[in-house]
Amino acid sequence: MAQCDNSPPTFFQKFPGTAYVHDMNRSLLIPVYAALALGALIATWTFNIAHIAHGGSASDFFTDGYVNYVSSSLTNDLLFVAVAAIVFMVVDARRTGVRYVWVYVVLSFAIAISVMFPLYLIARERALAASQ
């Protein structure tokens with residue numbers, strides 16, 4: 001006797017043709033993520049290079065993030081978002097099969113989380129596409 005599957009349909013089973021739309025969205029997301037990573041690289045490293053050129057050090061870099069209330073707020077905000085993004089990348093990489101997640105984590109500190117998180121999202125989209 002065949003068993004009846006009484007589980008509710010998934011989102012894509014409810015709406016015929018949405019798998020195609022999802023694939024189309026994936027192909028649109030990758031260039032958006034790439035543009036965000038490139039923009040973030042330019043926006044962050046323009047100031048990182050200026051900081052170094054004016055004699056700034058790595059220790060100055062972090063203490064300068066707390067020179068006033070506004071910069072302190074932005075620095076704290078960035079730190080908490082970075083931790084959330086890193087936790088997401090590590091957990092999500094195990095689920096989706098993204099390889100070498102440790103590279104994204106390490107380079108988040110060395111380059112910028114705003115650069116590496118969109119690059120991780122590109123790798124994630126590619127892993128999801130490959131698994132389908």
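Which of the residues spanning region 77-87 are surrounded by 14 or more Cβ atoms within 10 Å (Cβ to Cβ) and either more than 11 Å from the chain's Cα centre (by Cα) or more than 23 Å from F61 (Cβ to Cβ) (or both)?
Within region 77-87, just L78 meets the criteria.
Among the residues of region 54-73, is any at pLDDT below 95, of a type in the set (A, V, I, L, M), assigned to a helix (DSSP H, G or I) and out of contact with any helix residue (DSSP H, G or I) (no Cβ under 9 Å at 6 or more places or on another chain)?
yes
Name the residues in region 58-75 that are over 23 Å from the mean Cα position of the chain (by Cα) and of a type in the set (A, V, I, L, M), would you?
The answer is A58, V67, V70.
Restricted to region 94-104, and to residues that are of a type outside the set (F, W, Y), assigned to a helix (DSSP H, G or I) and in contact (Cβ under 8 Å) with a residue 12 or more places away in the chain, which residue is surrounded by the most Cβ atoms within 10 Å (Cβ to Cβ)?
Among them, the one singled out is V101.
Determine if region 105-125 includes at least one residue that is among the polar types (S, T, N, Q), free of Cβ contacts under 8 Å to residues at least 40 places away in the same chain and either in a helix (DSSP H, G or I) or surrounded by 12 or more Cβ atoms within 10 Å (Cβ to Cβ) (or both).
yes
Among V32, V21, which is the only one that is at pLDDT 95 or above and either assigned to a helix (DSSP H, G or I) or not small (G, A, S) (or both)?
Exactly one residue qualifies, and that residue is V32.
Of the residues T46, T96, which single one is polar (S, T, N, Q) and in contact with a Lys or Arg (Cβ under 8 Å, 6 or more places away or on another chain)?
T96
R99: among the basic types (K, R) and farther than 23 Å from S27 by Cβ, yes or no?
Answer is no for this residue.
The values are calculated or read from the model by the stated rules, or taken from the named source; none is laboratory data. Computed from a predicted structure; not experimentally measured. Glycine gets a Cβ as well: all are built from the backbone with ideal geometry, and neighbour counts include every protein chain shown.
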